[in-house]
Amino acid sequence: PGACPAPCECSEPAKTVKCVSKNLTAVPPDLPPYVRTLFLTGNRLARLPAGAFPARRLPDLSALNLSGNHLRAVEAGALAALPALRQLDLSGNPLVSLSPQAFGEGGSPLEELALRGALRDHGVLLSLATMLQSGALRNLSRLELADNGLLLLPAGMFTALLALRQLDLGNSSLVGLRNVSFQGLGQLQSLNVSDSSLGVLRNGTLAQFRGLPALRRVGLGRNAWVCDCTVEDLVAWLKESDQAEGKEALTCAYPDKTLGKALLKINGSDLNCSVPVDLPSQLQTSYVFLGIVLALIGAIFLLVLYLNRKGIKKWMHNIRDACRDHMEGYHYRYEINADPRLTNLSSNSDV
């Protein structure tokens with residue numbers, strides 16, 4: 001104990017161990033107990049099994065960097081034996097399995113978690129959401145989820161992170177934040193959603209921003225803002241709030257007539273608000289109108305039947321009499337054909 005693993009570089013004064021690009025396939029079991037910062041990057045650690053780090057052997061390890069290791073699975077209990085862990089970097093790993101119990105049943109004191117480019121699999125994103133919602137990382141103050149190509153985030157993913165101060169969702173493919181709740185994140189200071197695919201921010205999301213007292217920086221740059229009637233709430237918020245970082249540089253991407261125009265310079269004359277843009281409301285109105293028309297047609301039809309009830313009754317009687325005469329003729333012919341005594345008569349005369 002206290003010796004440096006053969007493929008690694010150790011500095012006891014700095015309390016640091018570096019095992020960088022050593023083609024390691026497992027965590028070295030003989031790490032010195034004095035280590036506080038451990039770099040295990042650029043190796044070939046395909047999985048982190050339960051107890052990957054020696055129990056009670058690393059009591060002071062506070063910063064762990066596992067980026068770029070080709071990690072595909074982090075199993076339950078893999079990080080449970082690290083009582084002092086404050087910083088964890090899993091960036092650049094193609095994760096396909098992330099156990100919600102990776103930090104054990106009791107949770108973790110972790111404060112910073114980096115998962116840049118590690119959530120390409122949707123199942124891993126759902127597992128992370130389950131972990132966060134369980135309160136296992138209730139002390140988390142910084143969360144980096146950038147570079148993950150995220151389209152939508154699971155509802156209520158961040159609601160248990162009451163200590164969160166910095167949230168990075170940049171360089172993703174986010175198309176909206178409508179299902180993302182920021183309620184209760186009273187400590188949130190910085191939110192980055194730049195370099196994404198946002199077209200509009202609804203008034204519900206903007207109201208949440210207004211309700212976060214510590215929020216000072218919202219990165220919105222390089223998004224595909226759609227400058228139609230739906231952008232009015234966003235423009236109003238930009239003009240009244242100082243939370244948006246670099247808001248003067250935000251420009252319209254659609255439609256063509258407003259391409260490149262600054263959002264802060266958009267006014268009512270630039271927007272075509274004569275046509276409703278709320279498609280569900282349009283459909284609902286159309287269905288109501290169609291129901292009214294059908295009801296009127298039905299009422300008119302019943303009125304016509306009522307006014308012509310005598311004629312309809314006479315017409316029905318005539319049809320009944322015609323059908324009865326016709327059936328009597330068929331019955332009479334059947335009786336003649338069935339009686340052999342009348343066979344010759346029916347063949348020589350017109351009955």
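Table for the structure above
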item	result
Odd one out for Lys18, checked against (1) more than 19 Å from Ser97 (Cβ to Cβ); (2) modelled with pLDDT under 95	(2)
Residue list for the range 202-233, restricted to those being open to solvent by 50 Å² or more (accessible area, probe 1.4 Å), closer than 22 Å to Ser141 by Cα and in a helix (DSSP H, G or I)	Arg210
Qualifying position, being at positive phi and out of contact with any Ser or Thr (no Cβ under 7 Å at 6 or more places or on another chain), among Gly68, Gly104	Gly104
Members of the range 27-55 that are assigned to a loop (DSSP other than H, G, I, E, B), open to solvent by 60 Å² or more (accessible area, probe 1.4 Å) and closer than 16 Å to Leu71 by Cβ	Arg44, Ala50
Residue list for the range 261-299, restricted to those being outside any helix (DSSP H, G or I), modelled with pLDDT of 80 or more and open to solvent by 50 Å² or more (accessible area, probe 1.4 Å)	Lys261, Asn267
Among (1) closer than 28 Å to Gln133 by Cα; (2) touching a strand residue (DSSP E or B) at 6+ places or on another chain (Cβ under 9 Å); (3) assigned to a loop (DSSP other than H, G, I, E, B), the one test that His70 misses	(2)
Top-ranked residue of the range 115-131 - restricted to ones that are in contact with a strand residue (DSSP E or B) (Cβ under 8 Å, 6 or more places away or on another chain) and open to solvent by less than 10 Å² (accessible area, probe 1.4 Å), ranked as nearest to Gly77 (Cα to Cα)	Met131
Cβ-Cβ under 6 Å pairs, at least 6 apart or on other chains, the range 163-179 side among the β-branched types (Val, Ile, Thr), far side assigned to a loop (DSSP other than H, G, I, E, B)	Val175/Leu151; Val175/Ser197
One residue from Ala244, Ala236 being under 11 Å from Leu206 (Cβ atoms) and either surrounded by 19 or more Cβ atoms within 10 Å (Cβ to Cβ) or among the polar types (S, T, N, Q) (or both)	Ala244
Residue count for the range 303-315, restricted to those that are part of a helix (DSSP H, G or I) and open to solvent by less than 100 Å² (accessible area, probe 1.4 Å)	5
Selected residue (only one of Leu188, Leu167, Leu153, Leu161 is within 20 Å of Leu115 (Cα to Cα) and outside any loop (DSSP other than H, G, I, E, B))	Leu167
Residue check for Leu153: at pLDDT 95 or above and surrounded by 18 or more Cβ atoms within 10 Å (Cβ to Cβ)	no
Which numbered condition Phe39 fails, given (1) more than 38 Å from the chain's Cα centre (by Cα); (2) closer than 15 Å to Leu85 by Cβ; (3) not hydroxyl-bearing (Ser, Thr, Tyr)	(1)
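The values are calculated or read from the model by the stated rules, or taken from the named source; none is laboratory data. Keep in mind that what you see is a predicted model, and the values were worked out from it rather than measured. Neighbour counts are summed over all protein chains in view; Cβ atoms, including those assigned to glycine, are modelled from backbone coordinates with ideal geometry. All accessible areas refer to the heavy atoms of the entire protein, side chains included, with ligands and DNA or RNA removed. Shrake-Rupley method; radii C 1.70, N 1.55, O 1.52, S 1.80 Å.
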